[in-house]
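Scroll down for the structure; my scribbles are underneath it.
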Number of protein chains: 2
Amino acid sequence: MPAPEPETPALILDRAALARNIAAMAAFAADRGLALRPHAKTHKSADIARLQIEAGAVGLCCAKLGEAEALAEQGVGDIHLTSPVVAPAALARLAALAGRIRLSAVVDHPDAAAALDDALQTPLDVLIDVDPGTRRTGVASAEAAVALARVIASGAKLRLAGVQFYCGSQQHIESFADRRAAIAEKTDYLRQVLAALAAAGFEMAHVTGGGTGSFAIDAELGVLTELQAGSYVFMDREYRDCELAGAPAFEPALFVDATVISANHPGMVTLDAGIKSFATDAGVPVVWAGAPRDSRYVFMGDEQGALLGDGLPPLGSRVRLIPPHCDPTVNLYDCYQMVDGDALTAWRVTARGRSA
Amino acid sequence: MPAPEPETPALILDRAALARNIAAMAAFAADRGLALRPHAKTHKSADIARLQIEAGAVGLCCAKLGEAEALAEQGVGDIHLTSPVVAPAALARLAALAGRIRLSAVVDHPDAAAALDDALQTPLDVLIDVDPGTRRTGVASAEAAVALARVIASGAKLRLAGVQFYCGSQQHIESFADRRAAIAEKTDYLRQVLAALAAAGFEMAHVTGGGTGSFAIDAELGVLTELQAGSYVFMDREYRDCELAGAPAFEPALFVDATVISANHPGMVTLDAGIKSFATDAGVPVVWAGAPRDSRYVFMGDEQGALLGDGLPPLGSRVRLIPPHCDPTVNLYDCYQMVDGDALTAWRVTARGRSA
């Protein structure tokens with residue numbers, strides 16, 4: 001009897017590869033004496049979060065409060081929230097969640113710190129979000145970090161617990177040497193911020209950040225005490241394009257299966273997976289199996305994509321692809337599907353769509 | 001008491017504008033003696049489908065079988081499926097759905113027609129999908145159309161019911177004159193295909209296609225008998241960039257509300273809506289309210305975007321934006337939210353994520 005096949009398009013998880021990736025990063029962090037707090041924005045899955053905690057992670061990161069609520073509801077008990085929360089209704093939810101699990105949050109503005117302090121019913125660990133120059137979130141200078149530290153320290157319920165420093169723009173620099181140089185330069189700035197905080201009486205023992213593109217560099221530079229890497233669990237096309245030199249060798253563990261639904265032109269077939277099946281912010285997927293690996297995918301609207309090349313599979317064939325960017329691709333699916341012996345099993349994408 | 005505000009990011013529907021858009025297109029089609037079968041790939045909503053049918057639509061289009069199943073389960077009883085279905089498990093589901101509602105399907109290959117005929121338990125209206133040159137789906141020549149018509153006509157359960165012709169690549173040509181010329185050229189080709197089919201004994205009384213960029217041109221050219229336009233219900237930024245000359249004036253009815261969560265740089269604020277809140281295949285959203293309309297949005301990762309410009313709103317403010325491309329943006333949300341007097345109401349995005 002042939003192995004069962006999920007209907008396409010399907011988000012496919014290779015559990016064995018996932019387990020090896022989780023173990024490799026856990027071993028790396030343990031070996032370097034670093035805490036590992038993987039970012040759940042990648043997988044949005046309580047099942048995968050549990051595997052990471054079982055392997056030694058101290059907890060998870062979430063990008064949004066809704067993600068944290070969804071994972072907490074499924075038993076994840078230690079979450080750091082990596083984006084500032086400012087809206088009154090969201091602050092009330094954050095305060096409620098802080099009463100249920102071990103939660104920490106970030107702030108990047110004195111007004112936001114004061115509003116958070118007002119909203120809380122219980123003490124909360126708060127980290128200063130330091131902007132490495134991305135200008136997305138975070139205080140913009142050492143002086144602003146010190147001023148914010150004073151506001152946090154004066155809060156009735158806020159506990160100044162450390163610094164967050166995430167070099168998002170540098171994670172995907174393809175050359176390892178260039179990426180290392182960029183992260184080293186940013187880390188010099190982080191050292192200045194930490195020195196200014198220490199000089200003002202705020203010695204920060206906890207510095208969290210890093211990603212799959214930088215964790216080995218962060219470990220070598222020795223300033224971060226906790227790693228937030230997320231994508232290593234799956235390894236999308238974007239990170240496979242990066243030279244991770246010296247790091248554990250992560251394997252692709254996440255795929256999208258598609259079917260050839262039209263084949264009326266030489267050198268081209270149409271797949272049933274398009275913009276609704278792959279995030280489009282980071283280029284195109286690449287073929288893993290079922291068609292030549294050098295065939296080229298092109299988006300053809302919401303529901304279709306073309307494969308171009310020689311030796312393409314016929315009408316009705318299945319093709320397995322590696323998504324270009326795992327995090328927002330996962331967000332398009334309700335569940336991960338896995339072939340387990342001769343049965344199909346599924347894991348819910350617990351926090352899918354939880355951006356609020 | 002102030003009007004309630006959904007937590008952000010939120011997909012916001014203006015029901016009054018939606019109702020006016022639905023009425024305007026219904027009146028246009030009725031006035032021209034054309035059937036209107038709006039494409040549900042835009043809204044994925046049984047509630048909106050019902051409003052369209054009440055306004056005179058003959059039924060709905062769906063891009064995928066899963067969409068059709070989801071809408072059928074909520075009472076939509078007449079659906080045309082615009083993409084070919086070929087996988088055996090999907091053909092079995094299609095056959096089951098054909099037993100429950102008034103369904104029609106497309107084919108673009110003799111093998112697919114034969115497989116569909118085998119899978120069916122009941123007769124099914126089948127349309128020949130004619131490729132206007134997009135090379136996504138559809139037969140590639142008049143000869144292929146005739147050959148396919150013969151296979152369909154010889155099927156035990158297939159009923160040859162017409163032709164589908166969707167000029168997807170032409171819908172967003174911004175100049176009306178250029179778009180009109182392109183659609184006219186494609187329609188000349190369609191006339192040749194229809195003539196070849198008629199010469200072979202297949203007179204096609206039913207020709208379905210068109211979109212929000214072409215429906216007025218299609219009506220003028222007089223070959224299509226049924227319009228599949230979908231985006232007119234919402235009018236996204238992409239269609240607002242197009243000159244719809246002479247057509248009914250559709251209004252923006254779909255928005256994304258976001259909150260300023262970081263404001264540490266002059267001329268820039270960070271919103272809590274990024275790649276997970278807007279589809280990224282068609283450029284960037286534009287501001288509708290809450291910030292100057294000429295401020296510029298830039299994606300800043302999965303969960304954030306920046307607004308750049310002068311006179312930006314302060315930390316904690318709400319901003320309302322028009323999404324760049326409505327269909328895949330809607331697919332990112334579980335529900336539409338509406339302010340109804342002093343209460344918030346929500347409509348489910350019935351077919352969200354139903355790509356299989």
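Would you mind giving the three semi-axes, in whole Å and largest first, of the ellipsoid equivalent to segment A:35-149 according to its Cα gyration tensor? Working shown, then result.
Values: eigenvalues 118, 58, 26 Å².
The three semi-axes for segment A:35-149 are 24, 17, 11 Å.
Between B and A, buried accessible area from a 1.4 angstrom probe totals roughly 4500 Å², ignoring ligands, DNA and RNA.
Any idea what angle helix B:88-98 forms with the longest principal axis of chain B, computed on alpha-carbon atoms, 0 to 90 degrees, nearest 10? The answer is roughly 90 degrees. Reducing segment A:177-230 and segment A:95-115 to their Cα centroids gives an inter-centroid distance of 22 Å. By Cβ position, the chain B residue that hugs the axis carrying B onto A most closely, with its distance in whole Å, is B:Thr280, 3.
Let me check I've understood the local charge: for B:Ser317, count other residues with C-beta under 13 angstrom from its C-beta, Lys and Arg +1, Asp and Glu -1. What total comes out?
Result for the local shell: -2.
Given +1 at the Cβ of Lys and Arg, -1 at the Cβ of Asp and Glu and no other charges, the dipole of chain B around its Cα centre is 440 debye to the nearest 20. When the other protein chains are added to the chain by itself, burial of at least 40 square angstrom of heavy-atom accessible area (probe 1.4 Å, ligands and nucleic acids ignored) affects these residues of segment B:329-345: B:Asn331, B:Leu332. The Rg/Rh ratio for the protein assembly as shown is 1.00, where Rg is the radius of gyration of the alpha carbons and Rh is the Kirkwood radius.
Quick check: at a probe of 1.4 Å, how many percent of the accessible area of chain A sits on carbon and sulfur atoms?
Details: 6310 of 12440 Å².
Carbon and sulfur together cover 51 percent of it.
In nanometers and ordered shortest first, the copy-to-copy spacing of the B:Ala346 label point, defined 7 Å from Cα toward Cβ, is 2.0. Solvent exposure of B:Ile53, expressed as accessible area, is near 70 Å², computed with a probe of 1.4 Å over the protein chains only. Between identical copies, the spacing of B:Val298 label points, each set 7 Å from Cα toward the C-beta atom, reads 3.1 nm from nearest to farthest. Using just its DSSP H runs of length 4 or more, each adding -39500 (n - 2.57), chain B gives a mean residue ellipticity at 222 nm of -9500 deg cm²/dmol after division by all residues. In order along segment B:30-36, the phi-based Karplus estimate (6.51 cos²θ - 1.76 cosθ + 1.60, θ = phi - 60°) of 3J(HN,Hα) comes to 4, 4, 8, x, 9, 6, 10 Hz; Gly and Pro are listed as x.
Please identify the trypsin sites (Lys or Arg not before Pro) of segment A:259-356 that satisfy two criteria: DSSP loop assignment and at most 16 other Cβ atoms within 10 Å. Which are they? Provide the component values of the computation, followed by the final result.
Values: sites: A:Lys276, A:Arg293, A:Arg296, A:Arg318, A:Arg320, A:Arg348, A:Arg352, A:Arg354; in loops: A:Lys276, A:Arg293, A:Arg352, A:Arg354.
Taking segment A:259-356 and a limit of 16 other Cβ atoms within 10 Å, the loop trypsin sites (Lys or Arg not before Pro) found are A:Arg293.
Treating only the Cβ atoms of Lys and Arg (+1) and Asp and Glu (-1) as charged, compute the dipole magnitude of the protein assembly as shown about its Cα centre; round to the nearest 20 debye. So the dipole magnitude of the protein assembly as shown works out to roughly 540 debye. Loop-only check: which GluC sites (Glu not before Pro) in segment B:191-290 are DSSP coil with at most 10 other Cβ within 10 angstrom? Loop-located and lightly packed - B:Glu203.
Shown for A:Ala156: label points 7 Å from Cα along the beta-carbon vector, and their distances to the equivalent points in the other copies, 7.9 nm in ascending order.
Our Cα-only numbers for chain B put the radius of gyration and Dmax at 21.6, 71 Å. Taking amide H positions as modeled 1.01 Å from N, with prolines and chain starts lacking one, the residues under 5 Å from B:Ala356 and 5 or more places away or on another chain are B:Gly66. Most fluctuating residue of B:Ala161, B:Ala195, B:Ala87 in a GNM of chain B with Cα springs under 10 Å: which is it? For chain B, modelled as a Gaussian network with Cα springs under 10 Å, the answer is B:Ala87.
Buried on complex formation within segment B:85-109 (loss of at least 10 square angstrom of accessible surface versus the isolated chain, 1.4 Å probe, ligands and nucleic acids ignored): B:Val86, B:Ala87, B:Ala89, B:Arg93, B:Asp108, B:His109.
How many Å² of accessible area per residue for segment B:85-186, probe 1.4 Å?
Numbers: 4020 Å² over 102 residues.
In whole numbers, segment B:85-186 has 39 Å² accessible per residue.
Among bridges DSSP assigns within the protein assembly as shown, what percent are antiparallel (round to 5)? Could the numbers behind the result be given before it?
Values: 56 of 108 bridges.
In the protein assembly as shown, DSSP labels about 50 percent of beta bridges as antiparallel.
The values are calculated or read from the model by the stated rules, or taken from the named source; none is laboratory data. Given the structure is predicted, the values throughout are model-derived calculations rather than measurements. Ideal geometry is used to build each Cβ from the backbone, glycine not excepted, and the neighbour counts take in all protein chains shown. Accessible surface is based on the protein model in full, side chains and every heavy atom, while ligands, DNA and RNA are left aside. Shrake-Rupley method; radii C 1.70, N 1.55, O 1.52, S 1.80 Å.
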